[in-house]
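Here the structure is laid out as structure tokens; the discussion comes afterwards.
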Amino acid sequence: DAGVTQSPTHLIKTRGQQVTLRCSPKSGHDTVSWYQQALGQGPQFIFQYYEEEERQRGNFPDRFSGHQFPNYSSELNVNALLLGDSALYLCASSLAWSPGELFFGEGSRLTVL
Amino acid sequence: GIQVEQSPPDLILQEGANSTLRCNFSDSVNNLQWFHQNPWGQLINLFYIPSGTKQNGRLSATTVATERYSLLYISSSQTTDSGVYFCAVDRNYGGSQGNLIFGKGTKLSVKP
């Protein structure tokens, strides 16, 4: 049973560039949530996708956008990168309408220079 | 919004010692999870425990929902237990669940 997989694991970008991160949910899950974790902090909720639509959003600017595909996989896009966007980006999957746990991937570590 | 406070922020133990980590939350919740973040950054699920008590090997957890706190017990600690332990809660349920609010974590160091 495949867990949550994310790619790439590490990447380096420069200010102003754009980045796309990818996530495949755990088998049987239909909901994907994205989190940003700055160094030394707990993860913060960015947004959640269900049925290919953004269902909830945290306190992040419009530079952060996403997409969910029919196979439930998801992408996180960040435009006009800032130094402060350097962080570990975590994807979590769950099953909507079923109380239960979120399962996290290993994350994508983004460095903005 | 809901506040999650974890204590202590840092904990140093000798191998074999026992410890208790605490998580306080400011409002009723429908989901509470404990995670261990390993040095590579992955969040490993320890417990899904919105209420009650669970045990898994040397680890156990108790959540008293009416008093808005949860405890994580680590017995006979090992060096591999080192890392950051996070408590996370979600007020929502059904179609709106999935927005976990994390505490700042407890950084545990187990010395040989």
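The values are calculated or read from the model by the stated rules, or taken from the named source; none is laboratory data. Keep in mind that what you see is a predicted model, and the values were worked out from it rather than measured. Neighbour counts run over all protein chains shown; Cβ positions are idealised from the backbone, glycine included. Heavy atoms of the whole protein, side chains included, go into the accessibility calculation; ligands, DNA and RNA do not. Shrake-Rupley method; radii C 1.70, N 1.55, O 1.52, S 1.80 Å.
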Whenever you get a sec, line up B:53, A:14, A:20 from highest to lowest accessible area (probe 1.4 Å, protein heavy atoms).
-> B:53, A:14, A:20
Expressed as a rounded percentage, what relative contact order does the range A:27-89 have, with Cα pairs under 8 Å and six or more residues apart?
-> 31 percent
Give me the Kirkwood hydrodynamic radius of the protein assembly as shown in Å, from all C-alpha pairs, to one decimal place?
-> 17.9 Å
Taking amide hydrogens as modeled 1.01 Å from N in the peptide plane, which residues meet the under 5 Å criterion relative to residue A:47, leaving out close sequence neighbours?
-> A:34, A:58
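To one decimal place, what Kirkwood hydrodynamic radius in Å is obtained for the range A:64-106 from all pairs of distinct Cα atoms? Don't skip to the answer; put the middle values down first.
Details: mean 1/r = 0.0796 Å⁻¹.
Its Kirkwood hydrodynamic radius stands at 12.6 Å.
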Expressed in square angstrom to the nearest 10, the accessible area of residue A:10 with a 1.4 Å probe stands at 130 Å²
May I ask you to rank A:34, B:40 by accessible area, largest first, using a 1.4 Å probe over the protein chains only?
-> B:40, A:34
Restricting to lysines and to Cα separations under 25 Å from residue B:54, and discarding same-chain partners fewer than 8 apart, the set is A:26, B:104, B:107
Distant-in-sequence amide H partners of residue A:101 (H built 1.01 Å from N, under 5 Å) | none
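Counting alpha carbon pairs within less than 8 Å and at least 6 residues apart, what relative contact order, in whole percent, applies to the range B:1-110?
Details: 277 pairs, mean separation 40.3, N = 110.
Reported as a whole number, the value is 37 percent.
Compute the Rg to Rh ratio over the range B:4-105 from the alpha carbon atoms, using the Kirkwood formula for Rh, and round to two decimal places.
On the way: Rg = 13.3 Å, Rh = 13.9 Å.
Here the Rg-to-Rh quotient is 0.96.
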Shape box of chain A [Cα atoms, principal axes, largest first, Å] = 40, 25, 24
Across the range A:62-68, in residue order, what do the Karplus-derived ³J(HN,Hα) couplings come to in whole Hz, using 6.51 cos²θ - 1.76 cosθ + 1.60 with θ = phi - 60° and x for Gly and Pro?
-> 5, 4, 8, 9, x, 7, 10
Order A:5, B:80, most accessible first, counting only protein heavy atoms with a 1.4 angstrom probe.
-> B:80, A:5
Would you check the accessible area of residue B:101, probe 1.4 Å, heavy atoms only, in square angstrom rounded to 10?
-> 60 Å²
Shielding by partners, peptide A:88-94 (average Cβ within 10 angstrom, other chains) | 3
Reachable aspartates and glutamates from residue B:111, Cα under 15 Å, same-chain residues fewer than 8 places away excluded?
-> B:10, B:15, B:81
What accessible surface, in Å², does a 1.4 Å probe find on residue B:84, ignoring ligands, DNA and RNA and rounding to the nearest 10?
-> 40 Å²
